[in-house]
Amino acid sequence: MSDLHLLTITAARAALDAGDITSVALTEALLARIAAVEPRVHAFLTLTAEQALEQARAADAQRSHSRSGQALGPIHGIPLAIKDVICTSGIRTTCASHILETFVPPYDATVITRLRAAGAVFLGKTNCDEFAMGSSTENSGFGPTRNPWDVSRVPGGSSGGSAAAVAASEVPGSLGTDTGGSIRQPAALCGISGLKPTYGRVSRYGLVAFGSSLDQAGPLAWTVADLALILQVIAGTDPFDGTTVPHAVPDYHAALTGDIRGVRIGIPQEYFGEGMEPGVEQTTRTAIAALGDLGAELVEVSLPHTRYALPTYYIIAPAEASANLARYDGVRYGPRVAGNSMWDEIERTRGSLFGPEVRRRIMLGTYTLSAGYYDAYYKRAQQVRTLIRNDFQQAFATVDLLATPTSPTVAFPIGQKVDDPLAMYLSDIFTLTASMAGLPGLVVPCGFSCNLPVGLQLIGKPFDEATILRVGDAYQRSTDWHMQRPTL
Ligand code: GLN
C-alpha cells in the first residue's frame, strides 16, 4: 500500500485488520509526511517519534497475538496527535506558553489514559493559542501554525495545530479542546470534521484548565465516522472529574445509520446575516438544503438571546481563567525569572512569561471578579447565561438539533486580526452559544468559498451526540467535501 498518510482512521483500521499494513509502517509513513510538510505547517510543538514507534511495535505485537479472536478496539495501532494543553505523562506539556515551556506532567489526562489503553499511538503534541485563548493559533508563544489550504492564512484556533495536522495529512486524527469554539472553528477553517462533546460527557481531568465551566476535550478527523470511534473511547464518567455524568455511553458507530428521514432540524434565524461573508452564508444554506433533500424536516427557530453570548462569554471565560492561571507563579511549574523578593519573582515570572492575550484575560477576569464589580459583571453574566440556555431548551422542545454556520469568515490572513482583539473574538460568534449552554457541537466540511473550506455546525441536545453524528455522517455519505485534501 502506498500513501499511507492519506488513510482515514476507518480505512487504516480495515487495512490493519486485514493484515495489509502494520502500525509501524503507518507510523513511519506519517513521520515521513511530518518531516516533509512540517516546516511549512508548524502544527507540532513536540514530536514523540521514538515513543510512537515503540507504541506501534507494541500494538503490532498485540495484534499478532490476538489473531485467536480477542477483539482489538477500533483505534488500536492508530496514530493520533494531542493538543498541548492535555497532560501527557513524561512528555512536555506547554500550553504553547513560555510559562510552562519546561513543564513535564507526572501523569496522563484521563482522555490519554483511555486512548493509551485502547492502543492508540501518540505522534506528538500540537500547537495552539497560549492556554487555548484565541481563534487563530497566532497567540502561541512558539509561533503560529499555518493553514494547509493556504499557508499565508491561519488554521483557526485555539486547536489550530490539531486541525492543521489532520488537514496536512500528518496524522489521521487528533484531540483538541473547546471552551468557546476551539475545536469547531479550526475544523471549519481547515476543512475537516470536529466534535465538541456535551459538557460532562468527556473527563476534563488532566486538561490544563482555562474556563472550568466550559472546557471540553474532543476529536478532530476527516470523517464523522472517525470522530465516533475516538469519542467512544474517551467518553464516560470519571471519578477524577466530578462534572462528568454517569449516563450510559451509547454505541456511536451503531448510531450512524445513514437515515435522517423525519429528523427535525432547526435553523436559528439569528445565525445568518450581519457580519457574515456572503460566500460562507451561501455555502452553509446550500448544505442545510441538502439535509432537507435527505429527508430531514427544516424548521425556522429563534434563539433571541444569541447577541448577548459574546459579551457574556468574555466575562465568564476570563473570570474563570484568571482564577485558574493564578497557580503559575514560577514556584511549582515551569521556569522562574529571578527577582529581589518572592513577590518580585512572581511578578517578573508572570509579567514576562505570559503572552499579551493571556495577560489581558487575567486582568479582565480579575477586574470582573473583584469586590464591587462582581454583581455587575460576573453574576449578571451568569444570569444571562441562563437565558441563553433557556433559548436552546425552548428550541429543542420542537426540533432534534440545530444547523448553523461555524465561523462568519473563511480562514483569514496571518496577522490580519492579531492587533484587534474584538475582531478576533467575533470569530467565535456562532460557536460560543453552545459552549455557554454546555451543548454538543459537530462541524462537518460543507464546501468552499474563495477556495477556502467552510464548515457546517450541528448543535445537539445535551448528551445527544448520537443524533448530530448521525446527521453529519448522513451528509458525508452523500457529499465528498470531507475527502478533499489540500495540495501542500
Ligand atoms: N476563541 C475563544 C477564546 O479565545 C475560544 C477559545 C477556546 O475555545 N479555547 O476564548
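The values are calculated or read from the model by the stated rules, or taken from the named source; none is laboratory data. From a predicted model like this one, the values you see are computed outputs, not experimental measurements. When we count neighbours, we look across all protein chains shown, and the Cβ atoms used for this are built from the backbone with ideal geometry, even at glycine.
List of remarks:
- P155, sole failed condition from (1) of a type outside the set (D, E); (2) under 15 Å from the mean Cα position of the chain (by Cα); (3) surrounded by fewer than 24 Cβ atoms within 10 Å (Cβ to Cβ): (3)
- You will find that of G275, G266, G279, the residue that is within 26 Å of the chain's Cα centre (by Cα) and modelled with pLDDT under 95 is G275 and no other.
- Within the range 108-162, being among the basic types (K, R) and over 16 Å from E38 (Cβ atoms) holds for R114, R116, R153.
- Look at (1) assigned to a loop (DSSP other than H, G, I, E, B); (2) at pLDDT below 95; (3) touching a Leu at 6+ places or on another chain (Cβ under 9 Å) and you find that L426 fails only one, number (1).
- Unmet requirement for Y373, which otherwise passes all of (1) surrounded by fewer than 12 Cβ atoms within 10 Å (Cβ to Cβ); (2) at pLDDT below 95: (1)
- Filter result for the condition that a residue is at pLDDT 95 or above and in contact with a Ser or Thr (Cβ under 7 Å, 6 or more places away or on another chain), over V202, V249, V224, V233: V224
- Taking the range 1-70 and the helices (runs of 4 or more DSSP H) fully enclosed by it, the elements with 2 or more residues that are more than 22 Å from the chain's Cα centre (by Cα) and acidic (D, E) are at 49-65.
- Helices (runs of 4 or more DSSP H) contained entirely in the range 286-386, each with at least 2 residues that are within 16 Å of the ligand (Cβ to nearest atom) and closer than 24 Å to T179 by Cα: 309-324, 356-369
- Some residue of the range 343-350 being surrounded by fewer than 18 Cβ atoms within 10 Å (Cβ to Cβ), over 18 Å from P197 (Cα atoms), without any contact (Cβ under 8 Å) to a residue 40 or more places away in the chain and under 28 Å from the mean Cα position of the chain (by Cα): no
- Exactly one residue out of P219, P186 is within 11 Å of the ligand (Cβ to nearest atom) and in contact with a strand residue (DSSP E or B) (Cβ under 8 Å, 6 or more places away or on another chain): that is P186.
- Leading residue by the ranking (farthest from the chain's Cα centre (by Cα)) among those in the range 448-477 that are among the charged types (D, E, K, R) and either surrounded by fewer than 20 Cβ atoms within 10 Å (Cβ to Cβ) or part of a loop (DSSP other than H, G, I, E, B) (or both): R477
- Index of the failed condition, I230 passing every other in (1) among the β-branched types (V, I, T); (2) out of contact with any strand residue (DSSP E or B) (no Cβ under 8 Å at 6 or more places or on another chain); (3) surrounded by 13 or more Cβ atoms within 10 Å (Cβ to Cβ): (2)
- Flag for D420 being without any contact (Cβ under 8 Å) to a residue 12 or more places away in the chain and either under 30 Å from E170 (Cα atoms) or out of contact with any strand residue (DSSP E or B) (no Cβ under 6 Å at 6 or more places or on another chain) (or both): yes
- If you go through the range 132-167 and keep only what is among the polar types (S, T, N, Q) and within 9 Å of the ligand (Cβ to nearest atom), you end up with S135, S136, N139, S158, S159.
- Flag if P106 is surrounded by fewer than 24 Cβ atoms within 10 Å (Cβ to Cβ), more than 11 Å from the ligand (Cβ to nearest atom) and in a loop (DSSP other than H, G, I, E, B): yes
- When residues of the range 168-181 are limited to those that are of a type outside the set (S, T, N, Q) and within 15 Å of the ligand (Cβ to nearest atom), the one nearest to Y313 (Cα to Cα): G180
- Here K125 meets each of (1) touching a residue at least 40 places away in the same chain (Cβ under 8 Å); (2) within 15 Å of the ligand (Cβ to nearest atom); (3) touching an Asp or Glu at 6+ places or on another chain (Cβ under 6 Å) with one exception, condition (2).
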